Amino acid sequence: MKTKVSYQKYGKGCVRVIKLLKDGDRQDVREIEVQALLEGDFDVSYYVGDNAPIVATDSIKNTVYVLSKSHDLKVIEDFALVLCRHFLKTYNHVSGVIVNIKEKPWTRLSIAGQEHNHAFQDVSPHIRKTEVRAKRDGSLSITSGLDKLTLLKTTQSGFTNFVRDKYTTLPETKDRMMKSTIKAEWEFSKQKLGDLEKASKLNYNHIFDSSLQSLIQVFAGDPVKGTYSPSVQQTLYDMATDVLNQQDSVELVRITMPNRHNIVFDMTRLGLENKNEIFFPSDEPFGLIEAEVVRGEPPKTKEGNGARINQFSKL
Ligand SMILES: O=c1[nH]c(=O)c2[nH]c(=O)[nH]c2[nH]1
């Protein structure tokens, strides 16, 4: 049977770099994990075992370390762009580069109110990440975001009026906990990015910080009253919409929100009433809600006016 390679890419994954930025006695630390993959004319390596066009993945790894020397690694999107430019410029037969970078945020310690010169703590379980795809024809895409953002609210969440049939055992509730480990990605508009050179000009760190704030604030709602969530679905949509409202340069937000259930512990057989106080966290199985949100007129709801339904009407 004849076969052909319909797509290929290769490179190095999990290239971990720690860089120290030294300013006299004061040091700063950056830690990243890079995956760099090349697309291009590598056919002969697959068909006849000819490695002549192959840039060894070991060299790709070395390149990450060498280019880290002249970059402060303070903006992961920019470092990814630097890597893309390098591979496209250096190897003519490379047609595209895909760089993924994850960042580990080290937070400087304060001892007795004074910032430490060289001691840090890993206080942030969430991970900042980016994927930059650059092609020789000049096309460019950047998708940045975060993973493992774990949020919990202990009330102002419910789930009612869902399909009820012979498979349904879930009771309706208008007071439950909502916990999720969120993955959020925002795709930058190609028009706002421009070309490989111009793309460095966006303020990716600011966009990250303010998108993170959007996600957290919308999830939590007003600090006193909260915001009632009728479903993970609607909260996800509101979170993504806020990111789009705040960020001109973003054209699509993709959020994955597992619904990590906390189950009310049944105490009736112990002769006790459990007024939504004692739960057992059940991480598996979990609900999995994922959506992509873009700008545009939403379709009309069944009621025909796009208005949000009164969540409490049927309880
Ligand atoms: O917010 C929710 N969305 C669902 O789709 C769902 N399904 C479920 O069992 N519980 C929940 N909660």
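The values are calculated or read from the model by the stated rules, or taken from the named source; none is laboratory data. Because the structure is a prediction, the values reported are computed rather than measured. Please note: Cβ atoms are built from the backbone with ideal geometry, for glycine as well, and neighbour counts cover all protein chains shown. Note: areas computed on protein heavy atoms with side chains; ligands, DNA, RNA excluded. Shrake-Rupley method; radii C 1.70, N 1.55, O 1.52, S 1.80 Å.
Observations on the structure shown:
- Filtered residues of the range 1-32 (kept if among the small types (Gly, Ala, Ser) and farther than 23 Å from Pro53 by Cα): Gly24
- When each of Glu277, Glu273 is tested for being among the acidic types (Asp, Glu) and within 14 Å of Met177 (Cα to Cα), the lone residue that passes is Glu277.
- Looking across the range 149-158, just one residue is open to solvent by less than 60 Å² (accessible area, probe 1.4 Å) and either without any contact (Cβ under 8 Å) to a residue 60 or more places away in the chain or over 30 Å from Phe208 (Cβ atoms) (or both), and that is Gly158.
- Within the range 122-176, considering residues that are part of a strand (DSSP E or B), touching a Phe, Trp or Tyr at 6+ places or on another chain (Cβ under 8 Å) and more than 17 Å from Val243 (Cβ to Cβ), the one farthest from the ligand (Cβ to nearest atom): Ser141
- Residue under evaluation Lys183, criteria (1) of a type in the set (Lys, Arg); (2) within 20 Å of Phe79 (Cβ to Cβ); (3) touching a residue at least 24 places away in the same chain (Cβ under 8 Å), criterion not met: (2)
- No other residue among Val66, Val44, Val34 is free of Cβ contacts under 8 Å to residues at least 40 places away in the same chain and under 31 Å from the mean Cα position of the chain (by Cα) apart from Val66.
- Condition check for His86: of a type outside the set (Val, Ile, Thr), free of Cβ contacts under 8 Å to residues at least 40 places away in the same chain and surrounded by 15 or more Cβ atoms within 10 Å (Cβ to Cβ): yes
- Failed condition for Leu73, given (1) touching a residue at least 40 places away in the same chain (Cβ under 8 Å); (2) at negative phi: (2)
- Residue within the range 244-254 that is buried (at least 16 other Cβ atoms within 10 Å of the Cβ) and within 16 Å of the ligand (Cβ to nearest atom) present: no
- The sole residue among Leu140, Leu146 that is surrounded by 14 or more Cβ atoms within 10 Å (Cβ to Cβ), under 30 Å from Asp195 (Cα atoms) and over 14 Å from the mean Cα position of the chain (by Cα) is Leu140.
- Scan of the range 19-45 for residues that are of a type in the set (Gly, Ala, Ser) and open to solvent by 50 Å² or more (accessible area, probe 1.4 Å), ordered by number: Gly24
- If the condition is being open to solvent by less than 80 Å² (accessible area, probe 1.4 Å), in contact with a strand residue (DSSP E or B) (Cβ under 8 Å, 6 or more places away or on another chain), more than 16 Å from Leu146 (Cβ to Cβ) and among the polar types (S, T, N, Q), then the range 195-243 contributes Ser229, Ser231, Thr235, Thr241.
- Looking only at residues in the range 248-305 that are closer than 18 Å to Thr235 by Cα and of a type in the set (Ser, Thr, Tyr), the one that is modelled with the lowest pLDDT is Thr301.
- Exactly one residue among Lys225, Lys179 is of a type outside the set (Ser, Thr, Tyr) and away from the ligand (no atom under 16 Å from the Cβ), and that residue is Lys225.
- For the range 159-194, residues that are surrounded by 11 or more Cβ atoms within 10 Å (Cβ to Cβ) and either of a type outside the set (Gly, Ala, Ser) or within 24 Å of Tyr228 (Cα to Cα) (or both) total 23.
- Candidate set: the range 255-297, residues that are over 30 Å from Glu131 (Cβ atoms) and part of a strand (DSSP E or B); chosen: the one nearest to the ligand (Cβ to nearest atom): His261
- Exactly one residue out of Asn117, Asn100 is out of contact with any Phe, Trp or Tyr (no Cβ under 8 Å at 6 or more places or on another chain), open to solvent by 40 Å² or more (accessible area, probe 1.4 Å), outside any loop (DSSP other than H, G, I, E, B) and closer than 13 Å to Ala36 by Cα: that is Asn100.
- In the range 54-83, the residue that is nearest to Cys14 (Cα to Cα) out of those that are part of a helix (DSSP H, G or I) and open to solvent by 50 Å² or more (accessible area, probe 1.4 Å) is Lys61.
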